[in-house]
1. Excluding residues fewer than 8 places away in the same chain, name every one of the lysines whose C-alpha is closer than 19 Å to that of A:Lys43.
2. Just to confirm the filter: which trypsin sites (Lys or Arg not before Pro) across region A:29-67 are DSSP coil and have at most 10 other Cβ within 10 angstrom of their Cβ?
3. Report the residue, chosen from B:Gly64, B:Gly31, B:Gly41, that carries the largest GNM mean-square fluctuation when chain B is represented by alpha-carbon nodes joined by springs under 10 Å.
4. Please work through the protein assembly as shown and write down the cysteines that have no neighbouring cysteine Cβ at a distance under 4.7 Å.
5. Please state the shape class of chain A: rounded when a/c is under 1.5, otherwise prolate if a/b exceeds b/c and oblate if not, all from the C-alpha gyration tensor.
6. Between B:Thr52 and B:Ile83, what length in nm is gained on full extension when 0.36 nm per residue of separation is reduced by their alpha carbon distance?
7. So what J values fall out for region B:90-104 if you push phi through Karplus, 6.51 cos²θ - 1.76 cosθ + 1.60 with θ = phi - 60°, rounded to Hz, Gly and Pro as x?
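Read-outs throughout are calculated quantities, based only on the coordinates presented, and are distinct from any laboratory measurement. Worth saying up front: this structure is predicted, and the values here are computed from it rather than measured. No Cβ is skipped: glycine too gets one built from the backbone with ideal geometry, and neighbour counts run over all protein chains shown.
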Amino acid sequence: EVQLVESGGGLVQPGRSLKLSCVASGFTFSNYGMNWIRQAPGKGLEWVAYISSGSSYIYYAETVKGRFTISRDNAKNTLYLQMTSLRSEDTALYYCASRGRDGSSDYWGQGVMVTVSS
Amino acid sequence: DIQMTQSPSSLSVSLGDNVTFTCEASENIYGFLAWYQQKLGKAPKLLIYGATNLEDGVPTRFSGSGSWTNYSLTISSLEPEDIATYYCQNNHVYPHTFGAGTKLELK
């Protein structure tokens, strides 16, 4: 059974940093690209970042480019999102999701909450 | 960036209805379109990829169609468990933008 488990969220002050993790199991993690997708409270989905299976290709949403860094450790089956210079508008539930067929996101974690507030 | 426009934003439905809602991309996305279902408090679930392909395990009452910039999702004979919010997503180019969603509500 595929499982994606996010962690590392919490309450953080504006301007500070936070690093999210997503541990994968039940599939060959090193063969799949991965996404971070977020959802602000009561709002819709926003794609945040993508990393290819071997980390050769990385893309970011304009709203996080230069502040967030996606990375992965295939030996540890773990995806990361390093978030710096956090803003109130980064407050959201952050999901990791695996890249499925035709670029879709087929498996999702349960999400981890990040709250940016003083 | 490609903008994805979903309509309507909400839809009042009855069980057993055939329901269709749409997603329009601001430019041609060549069929690289996914549909997701999200129930309250849950992670999204992939329903359709490549505009028309049903994800494994998804009931056949769900179907997707469309090409170029215009796409739609149809639910045939709505079941109680289909009450949710539905999102489309551009999978053609990054950023993989989402539509704002269509929320189904029971009459």
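1. Straight-distance partners of A:Lys43: B:Lys39, B:Lys42, B:Lys45, B:Lys103.
2. Working: sites: A:Arg38, A:Lys43, A:Lys65, A:Arg67; in loops: A:Lys43, A:Lys65, A:Arg67.
Within region A:29-67, no trypsin sites (Lys or Arg not before Pro) qualify (loop, at most 10 other Cβ atoms within 10 Å).
3. With Cα springs under 10 Å in chain B, the top fluctuation among B:Gly64, B:Gly31, B:Gly41 is at B:Gly41.
4. For the protein assembly as shown, the answer is none, because every cysteine Cβ has another cysteine Cβ under 4.7 Å.
5. Numbers: a/c = 1.70, a/b = 1.63, b/c = 1.04.
In terms of gyration-tensor shape, prolate.
6. Details: separation 31, 0.36 × 31 = 11.16 nm, distance 2.10 nm.
Gain in length upon complete extension: 9.1 nm.
7. With coefficients 6.51, -1.76 and 1.60, one gets 6, 10, 7, 9, 7, x, 7, 5, 9, x, 7, x, 10, 9, 8 Hz.
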